[in-house]
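A.B. asks: Would you mind keeping the following structure in view while I ask a few things?
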């Protein structure tokens, strides 16, 4: 989240960007100095997720693949260890992918409000719907970490600032659409799966934040529900 110079500051959603909802791996620039030879508690599950031979034993190739994934998504230390944080991110990605194009299957996000932006904290997904029709999404988002949770409930977009800059954290918050104090949808510059999360805002990729900017307007409803893993 960020400061709003209108309603008193709360907190910003650390900058965060990401690729669309995909399990693809990219090149990992700043690699860790060394690769661990230790077998992690989630070794077999992590290997399977990455398309590696799921033998439950750490190999040099396993470590390099795990480390590339960790580096891409800002998981530290990025030493190729198949620990709970790495598996937690992979498990969340798997659950997000399983949602498909029907994110409101449970009917928890109101369908009687017309245009509304929905945020499922449990799955770290957001989408815009109009009645029962999904207009855009679902897309991966990065919400508030433990102690800075994105607040749940029905809200409204009350202020929009396409070039907002947080004076609390001294970071840019492009395409900001504030819906609860200093909590807003906005573009950010790290992976959407980068732990532990934002300072309350709903971080989005630039592509998704721009689309939300074009689809939402002041006064539109926002509904936030669920609970982010780890909070």
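A.B. asks: Could you please give the count of residues in segment 58-84 that are touching a helix residue (DSSP H, G or I) at 6+ places or on another chain (Cβ under 7 Å) and either surrounded by fewer than 16 Cβ atoms within 10 Å (Cβ to Cβ) or more than 23 Å from residue 190 (Cβ to Cβ) (or both)?
C.D. replies: 2
A.B. asks: If you don't mind, there's one more thing I want to ask. Could you count how many residues in segment 57-84 are outside any helix (DSSP H, G or I) and over 16 Å from the mean Cα position of the chain (by Cα)? Outline the logic, then answer.
C.D. replies: So the first thing to find is which residues in segment 57-84 are outside any helix (DSSP H, G or I), and the list is 57-59, 73-83.
Of the ones still in play, those that are also over 16 Å from the mean Cα position of the chain (by Cα) are 57-59, 76-83.
Within segment 57-84, residues that are outside any helix (DSSP H, G or I) and over 16 Å from the mean Cα position of the chain (by Cα) number 11.
A.B. asks: Name the single residue, out of those in segment 196-227 being under 22 Å from residue 77 (Cα atoms) and crowded, with 19+ Cβ neighbours inside 10 Å, that is farthest from the chain's Cα centre (by Cα). Before you say what the answer is, go through the steps one by one.
C.D. replies: Of segment 196-227, the ones under 22 Å from residue 77 (Cα atoms) are 196-199.
Now narrow it down to the ones that are crowded, with 19+ Cβ neighbours inside 10 Å: 197-199.
Details: 197: 7, 198: 9, 199: 12 Å.
Going through the qualifying residues, I end up with 199.
A.B. asks: If you go through segment 85-125 one residue at a time, how many are surrounded by 13 or more Cβ atoms within 10 Å (Cβ to Cβ) and part of a helix (DSSP H, G or I)?
C.D. replies: Residues in segment 85-125 being surrounded by 13 or more Cβ atoms within 10 Å (Cβ to Cβ) and part of a helix (DSSP H, G or I): 12 in total.
A.B. asks: Still on this structure, I have one more. From 31, 38, grab the single residue that is assigned to a loop (DSSP other than H, G, I, E, B), surrounded by fewer than 18 Cβ atoms within 10 Å (Cβ to Cβ) and modelled with pLDDT under 95.
C.D. replies: 31
A.B. asks: Suppose the filter is crowded, with 23+ Cβ neighbours inside 10 Å and closer than 20 Å to residue 92 by Cα; does residue 188 pass it?
C.D. replies: Spelling it out, residue 188 is indeed crowded, with 23+ Cβ neighbours inside 10 Å and closer than 20 Å to residue 92 by Cα.
A.B. asks: Go through 135, 119 for me and flag whichever is at pLDDT 95 or above and either out of contact with any strand residue (DSSP E or B) (no Cβ under 6 Å at 6 or more places or on another chain) or within 19 Å of residue 226 (Cβ to Cβ) (or both).
C.D. replies: Result: 119 is the single residue among 135, 119 that is at pLDDT 95 or above and either out of contact with any strand residue (DSSP E or B) (no Cβ under 6 Å at 6 or more places or on another chain) or within 19 Å of residue 226 (Cβ to Cβ) (or both).
A.B. asks: Criterion first (in the same structural domain as residue 106 (by TED's automatic domain parsing), over 20 Å from residue 190 (Cβ atoms) and surrounded by fewer than 23 Cβ atoms within 10 Å (Cβ to Cβ)) does residue 131 satisfy it?
C.D. replies: For residue 131, the condition - in the same structural domain as residue 106 (by TED's automatic domain parsing), over 20 Å from residue 190 (Cβ atoms) and surrounded by fewer than 23 Cβ atoms within 10 Å (Cβ to Cβ) - is met.
The values are calculated or read from the model by the stated rules, or taken from the named source; none is laboratory data. Everything quoted here is computed from the prediction, not taken from an experiment. Positions of Cβ are generated from backbone atoms using ideal geometry, with glycine treated the same way; all protein chains shown enter the neighbour counts.
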